1. Quick check: is even one residue across segment 52-60 in contact (Cβ under 8 Å) with a residue 24 or more places away in the chain, among the β-branched types (V, I, T) and more than 26 Å from I172 (Cα to Cα)?
2. Please identify the pairs in which a residue from segment 172-197 that is under 17 Å from V121 (Cβ atoms) has its Cβ atom under 8 Å from the Cβ atom of a residue that is aromatic (F, W, Y) and in a helix (DSSP H, G or I), counting only partners at least 6 apart or on another chain.
3. I'd like the residue in segment 115-150 that is in a strand (DSSP E or B) and without any contact (Cβ under 8 Å) to a residue 60 or more places away in the chain and, out of all such residues, is farthest from the chain's Cα centre (by Cα).
4. Residue by residue through segment 2-46, note down the ones that are more than 16 Å from V174 (Cα to Cα), assigned to a loop (DSSP other than H, G, I, E, B) and not charged (D, E, K, R).
5. Against the definition (among the acidic types (D, E), within 30 Å of D13 (Cα to Cα) and either assigned to a loop (DSSP other than H, G, I, E, B) or touching a strand residue (DSSP E or B) at 6+ places or on another chain (Cβ under 6 Å) (or both)), how does E208 come out, yes or no?
6. Could you please tell me which pairs satisfy a Cβ distance under 9 Å, a separation of 6+ or placement on different chains, a first residue in segment 6-18 that is under 13 Å from G176 (Cα atoms), and a second residue that is surrounded by fewer than 13 Cβ atoms within 10 Å (Cβ to Cβ) and not hydrophobic (A, V, I, L, M, F, W, C)?
7. Assess whether S110 counts as being in contact (Cβ under 8 Å) with a residue 60 or more places away in the chain, small (G, A, S), touching a strand residue (DSSP E or B) at 6+ places or on another chain (Cβ under 9 Å) and under 29 Å from K19 (Cα atoms).
8. Taking interchain pairs and intrachain pairs at least six residues apart, which have beta carbon atoms under 7 angstrom, with the first residue in segment 68-92 and over 24 Å from L4 (Cα atoms) and the second of a type in the set (V, I, T) and assigned to a helix (DSSP H, G or I)?
Amino acid sequence: MSHLIAPSLLAADFSNLIKDIEMLNQSDADWFHIDIMDGVFVPNISFGFPVMEAINRHTLKPMDVHLMIVDPDRYISNFKKAGANILTVHLEACNHLHRTIQAIKAEGMSAGVSLNPHSAVNDLEDIITDIDLVLIMSVNPGYGGQSFIENTYRKVERTKTLIERTGSKAKIEVDGGVTLKNAGKLIDAGADVLVAGSSIFKSEDPAETITQLKNL
């Protein structure tokens, strides 16, 4: 499978969001990555349901929604209604992770689990065959534009080993500090989906940057 590119709208121009959405629709991007932050689980606040619903009215590609919130179970059906195709929750935010995964799937969405930089891949051992996506955070969640954590390559490799050993069908997604300089090495380590924000939207030609990431 060719790797996928999921530009993060957190780095888009909020004053002209429709322009960036249309650019992504016409680009080689595969998914729209939407970061939802509540100011509690992470020290920042981002999109709410009205903005997400507005994005959904214009996007032509799957919405890859990453929840950085406490108690995500309360909102699973709301995110489905707002247009989420893939819903990823944090391992660290879920007291009953298996139940949360089942609730996401019951709504007809693909279910993902995200790991913060300090969390161990082995913590996924008992649920890896139940999920569709593992999101490896390569920065500490909550803010865009952070520096890439170098240990991520080894973490991706360990996740790939776990997936292959268990026969899981889960994709590996990497989010945080992804650029043209490190994307190739992440793909070599086993990454299937690359989330890129600043490196795309702050480039001189975002659509061309997406094409370059896609063609690695």
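Read-outs: derived from the displayed coordinates by stated rules, not from any lab. This one's a predicted model, so the numbers in the text were calculated from it and none came from an experiment. Using ideal geometry, Cβ is built from the backbone for each residue, glycine included, and neighbour counts are taken over all protein chains shown.
1. no
2. Listed pairs, sorted by first residue: L186/Y153; A189/Y153.
3. L115
4. Result: A12, S27, G39, V40, F41, V42, P43, N44, S46.
5. no
6. From segment 6-18, the pairs are A11/K202.
7. no
8. P72/T100; D73/T100; I76/I104
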